[in-house]
Amino acid sequence: MAAPALLELTRLEVAYGGIHAVKGIDLIVRQGELVCLIGANGAGKTTTLKGITGLQPVKAGKIVYDGADVTGKPAFQLVRKGLSMVPEGRGVFGALTIEENLAMGAYSRRDRVAIKQDIERVFGLFPRLKERRKQTAGTLSGGEQQMLAMARAIMSRPKLLLLDEPSMGLAPLMVQKVFETILTIAAEGVTILLIEQNAKLALEVSHRGYVMESGTITLSGDARQLLSDPKVREAYLGEAV
Amino acid sequence: METFLQQIINGLTLGSVYALVALGYTMVYGIIGLINFAHGEVVMIGAMVALSVITGLLGSHASLPAVVIILAGLFVAILVCVAIAYSMEKIAYRPLRSAPRLAPLITAIGMSIVLQNVALMVWGRNYRTFPTLITPTPHIIFGAAMTDLQMLIVVLAALLMGGLVLIVQRTRLGIAMRATAQNPQVAGLMGIDINVIISAAFVIGAALAAVAGLMVMAYYGIAHYYMGFLLGLKAFTAAVLGGIGNLAGAMLGGLLLGIIEALGAGYIGDVSNVCGLSSLSDALQQKCADNDGQVSLFGSNYQDVFAFFVLILVLIFRPSGLLGERVADRA
């Protein structure tokens, strides 16, 4: 393993509304990697992400990002350090235009000229958004909103991107498009931690994967190996082995 | 027709003041869902501070031009109001950010009482008169009079509101304010420090309140430690009328409320004139003859009733206000 760790969770515990949802997990994401965290609904995946970005208070354990302890740091400070997150349910600002949404993605930056260039670059990736740049985000379809949420997240020029269930509620064709986009972003050198219920797709695009069950990591390793692991195939890929 | 136009002018003047104050309520509500009941007191403090500075300067440097004196008063008033609103949010409301909604609401009422009593201690309980610095020269427009001061109030308020709209629509801070109003958690994920945004809403609202305080004091010629209460309630009514949380709504609501009030005050005497029924009683007939056929049940001193009558109607028939969309989904 050559690349140094960009994100490292050590015995992380996070509570979610009185429930001990994350019960001490260890997870590592190395620079340049695409890592997925899969598991059933309610396994604690989203709570893990919320713990990392300070949206849920961390009960115990440590989060090290880019060499610094960031346990309990609020989200807005992490963005400035290059850690960006696309929340579950996309979280686009429906009453803001697409351009304004993108501008908010670049809120932590001050380099106006480069921001303008990045907006054009993002429009190159998502021509659909460019056509509708002056429209409010609330008028977009679910898939387009997911595209906007990802476009907005990369506007901060993140080193690490956390994606929470990007395929949720989307039509199969759109899911395909979302995953292509994830690969495009990863190819640009952004490290990604992907959370998904669609385990098959997630493992197919990832380098490594973690399987989460009732707040603990039960399996982890190379994504290809996990794909062929009988336990994973039975529990998450719906195959009888 | 002349009464009508005159009342429209008066209503527009007062409505401009209501609108400026209503913006302070609506910005804060739009972002943190709090009705800052102490906002009216910020207006009062603005008026009082401006008055102290202006009378002080008049006493010591009588040679200064009136414009300089007024601007100095306004400047100090804005500084004090901004400082009060900023500290109020930080000390009283921020610790209650995640508390049940009732807690900050009651704290706001408490802050209102605190500020009133501070003003009572500093400025006393007597009405204070505002020195006439601008001689009110009336200009006749279609038979109705509009004074310089009224014009100044309307134009200045319009400029300030236009400026605010520009800030909110075009600047990075303004877009961040709208983003935070929509979803504070996601705004945080964008790198927005929502505490800064919330402070900005309080600070901008307080600056507008200071201007409104000076305006209303110059218009009526008096100031009083209790003046913020009714003014605040009316501005709040204006914000609800327009749709609380909505900037355009606060402006529209303020102007409408001012006009409704002025028209109400202008016509209530005629509308409630009972001389048409004078055949019913000899005593009434006598009284009508003594008073040139004008015996009204209600006079223009009922002016204040209209604002709250409007509030009740809005709450019954259109609780989301004229331009408001969603009041209920902010739990």
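Every number here is computed from the coordinates shown, using simple stated rules; none is lab data. None of the values given here were measured: they were computed from a predicted structure. Quick reminder, even Gly has a Cβ in these numbers, built from the backbone with ideal geometry, and neighbours come from all protein chains shown.
One table, with the values for the structure above:
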{"item": "Average partner coverage of B:274-284, which counts Cβ from other chains inside 10 Å", "result": "0"}
{"item": "Karplus (6.51, -1.76, 1.60) ³J(HN,Hα), θ = phi - 60°, over the range B:21-26, in Hz, Gly and Pro reported as x", "result": "6, 4, 4, x, 5, 6"}
{"item": "Cβ charges +1 (Lys, Arg) and -1 (Asp, Glu), total dipole of the protein assembly as shown, debye", "result": "1320"}
{"item": "Filtered trypsin sites (Lys or Arg not before Pro), the range B:85-129: DSSP coil and at most 15 other beta carbons within 10 Å", "result": "B:R97, B:R101, B:R125"}
{"item": "Estimated [θ] at 222 nm from DSSP helical runs (n ≥ 4, -39500 (n - 2.57)) normalised by residues in chain A, nearest 500", "result": "-10500 deg cm²/dmol"}
{"item": "Whole-number D in µm²/s for the range B:177-277 (Stokes-Einstein; Kirkwood sum over Cα pairs; 20 °C, 1.002 mPa s)", "result": "130"}
{"item": "Within straight-line cross-link reach of A:K134, lysines at Cα separation under 24 Å, skipping those fewer than 8 residues along the same chain", "result": "A:K116, A:K177"}
{"item": "Burial ranking of peptide ranges A:197-209, B:274-286 (average Cβ count within 10 Å, highest at the top)", "result": "A:197-209, B:274-286"}
{"item": "Average other protein chain Cβ within 10 Å of Cβ, residues B:179-187", "result": "6"}
{"item": "Distance in nm between pseudo-label sites at A:Q135 and B:L277 (7 Å out along the Cβ direction from Cα)", "result": "6.0"}
{"item": "Ordering of A:73-82, B:213-222 by burial proxy (mean other Cβ atoms within 10 Å per residue, highest first)", "result": "B:213-222, A:73-82"}
{"item": "Cα gyration tensor of the range B:254-313 - equivalent ellipsoid semi-axes, whole Å, descending", "result": "29, 10, 7"}
{"item": "Residues in the range B:10-30 reached by a label modelled at B:D270 [backbone nitrogen below 17 Å; 7 Å Cα→Cβ]", "result": "B:10-11"}
{"item": "Those aspartates and glutamates that a straight Cα-Cα span of less than 17 Å connects to A:K62, excepting residues fewer than 8 apart in one chain", "result": "A:E8, A:E13, A:D26"}
{"item": "Shielding by partners, peptide A:49-62 (average Cβ within 10 angstrom, other chains)", "result": "1"}
{"item": "For the protein assembly as shown, share of DSSP beta bridges that run antiparallel, in % to the nearest 5", "result": "60"}
{"item": "Crossing angle, helix B:194-220 versus chain B [Cα axis fit, 0-90 degrees, rounded to tens]", "result": "20"}
{"item": "For the range A:62-162: relative contact order, % (alpha-carbon pairs under 8 angstrom, 6 or more apart)", "result": "43"}
{"item": "Loop-resident sites, the range B:113-210, for chymotrypsin sites (Phe, Trp or Tyr not before Pro), counting at most 16 other Cβ within 10 Å (DSSP)", "result": "B:Y127, B:F142"}
{"item": "Relative contact order computed over the range A:103-241 (Cα-Cα under 8 Å; 6+ residues apart), in percent", "result": "17"}
{"item": "Spatially proximal aspartates and glutamates relative to A:K231 (Cα-Cα < 12 Å; intrachain offsets below 8 disregarded)", "result": "A:E239"}
{"item": "Efficiency of FRET between B:S98 and B:R172 - r from beta-carbon atoms, R0 30 angstrom, step 0.05", "result": "0.65"}
{"item": "Cys with no candidate disulfide partner in the protein assembly as shown (beta-carbon separation under 4.7 Å rule)", "result": "A:C36, B:C81"}
{"item": "Estimated 222 nm signal from helices in chain B, with DSSP H stretches of n ≥ 4 weighted -39500 (n - 2.57), rounded to 500", "result": "-24000 deg cm²/dmol"}
{"item": "A:L173 paired with B:V67, simple spin-label distance in nm, labels 7 Å along Cα-to-beta-carbon", "result": "6.6"}
{"item": "Förster-model FRET efficiency, 45 Å R0, B:L79 and B:K287, C-beta, rounded to 0.05", "result": "0.25"}
{"item": "For A:R152, A:R224, A:R90, order by how many other beta-carbon atoms lie within 10 Å, fewest first", "result": "A:R224, A:R90, A:R152"}
{"item": "Magnitude of the charge dipole, the range B:1-152, Cβ model with Lys/Arg +1 and Asp/Glu -1, debye to 20", "result": "520"}
{"item": "Degrees between helix B:172-182 axis and first principal axis of chain B (Cα, 0 to 90, nearest 10)", "result": "80"}
{"item": "Residue order, fewest to most beta carbons within 10 Å, for A:V175, B:V21", "result": "A:V175, B:V21"}
{"item": "Volume per residue of the C-alpha convex hull in the range B:216-331, rounded to whole Å³", "result": "149"}
{"item": "Most to least packed among A:123-136, B:73-86 [average Cβ atoms within 10 Å]", "result": "B:73-86, A:123-136"}
{"item": "Proxy reagent accessibility, fewest Cβ within 10 Å first, across A:V190, B:V186", "result": "A:V190, B:V186"}
{"item": "Percentage of interatomic Cα-Cα distances in the range A:24-125 larger than 23 Å", "result": "38"}
{"item": "Prolate/oblate/rounded call for the protein assembly as shown, Cα gyration tensor, a/c under 1.5 rounded", "result": "prolate"}
{"item": "Label-point separation in nm, A:A3 to B:I91, each point 7 Å along Cα→Cβ", "result": "5.2"}
{"item": "Loop trypsin sites (Lys or Arg not before Pro), the range B:250-331, which have at most 10 other Cβ atoms in a 10 Å radius of their Cβ (DSSP)", "result": "B:R326"}
{"item": "Residue (of B:F75, B:L311, B:N273) at the positive-pole extreme of the protein assembly as shown, dipole from beta-carbon charges", "result": "B:F75"}
{"item": "Enclosed volume per residue, in Å³, of the convex hull spanned by Cα atoms of the range A:113-241", "result": "121"}
{"item": "Net dipole in debye of the range B:174-331 [+1 Lys, Arg Cβ; -1 Asp, Glu Cβ; about Cα centre; nearest 20]", "result": "520"}
{"item": "Model label zone, A:E213; criterion: amide N under 18 Å from point 7 Å along Cα-to-beta-carbon; scope the range A:2-41", "result": "A:21-26, A:37-41"}
{"item": "Relative frequency of Cα-Cα separations exceeding 22 Å in chain A, percent", "result": "52"}
{"item": "Tilt relative to chain A, helix A:142-154 - C-alpha long axis, 0 to 90 degrees, to 10", "result": "90"}
